[in-house]
Amino acid sequence: MKILVINGPNLNMLGIRELEIYGRESYPALVEFVEKYCAEVGVECKVFQSNHEGVLVDKIQAAYGVFDGIVINPAAYTHTSVAILDALKAVQIPAVEVHLSKVSEREDFRQISYAGMACQKTYAGFGFEGYRMAIDFLLGK
Ligand code: DQA
């Protein structure tokens with residue numbers, strides 16, 4: 001099983017940005033958390049982050065025929081990007097949406113998720129743990 005974990009804009013600022021919402025742990029700590037869990041469950045994974053919408057679209061397209069599952073936290077692009085939605089639909093790789101924060105309890109503009117429309121499941125508000133839950137879902141656990 002090969003899983004691509006994609007993180008969108010400003011997630012590289014974890015541990016610096018809005019600590020009361022996203023916590024004190026850094027982005028490298030998130031990457032380590034995901035890689036460690038994948039190794040534990042025997043999943044080959046690649047963790048990727050970009051602040052650029054087109055780069056995220058390119059990465060999803062390049063996953064076609066290569067990865068068996070996608071875990072995606074599109075960050076702010078969740079609420080704006082039809083391009084990411086279309087890319088996920090194009091490749092038809094089983095995808096799971098993750099958000100560190102509980103977006104359903106936040107601002108109105110965060111209440112729509114375009115990417116989520118192409119995902120089989122969403123985990124929001126569980127912090128790093130949401131990534132583990134998403135991997136488990138893709139593993140059928
Ligand atoms: C986020 C939630 C988004 O609304 C926000 O723009 C982010 C992070 C989360 O993980 O909680 O950057 O995706």
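Structure values in brief
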quantity	calculated
Relative exposure of HIS99, HIS52, HIS79, judged by other C-beta atoms within 10 Å (fewest first)	HIS52, HIS79, HIS99
Choice from SER26, SER50, SER104 showing the highest fluctuation, given a GNM over the chain with Cα pairs closer than 10 Å	SER104
Taking ARG106, ARG132 and counting other C-beta atoms within 10 Å, the order from fewest to most	ARG106, ARG132
Gaussian network model of the chain, Cα within-10 Å springs - most flexible of ALA39, ALA63, ALA118	ALA39
Volume of the Cα convex hull of the chain, divided per residue and given in Å³	92 Å³
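No value in this document is a laboratory result; all are computed from the given coordinates. Keep in mind that this is a model prediction, so the values were computed, not measured. Here the Cβ is made from the backbone with ideal geometry for all residues, glycine too, and neighbour counts use every protein chain on show.
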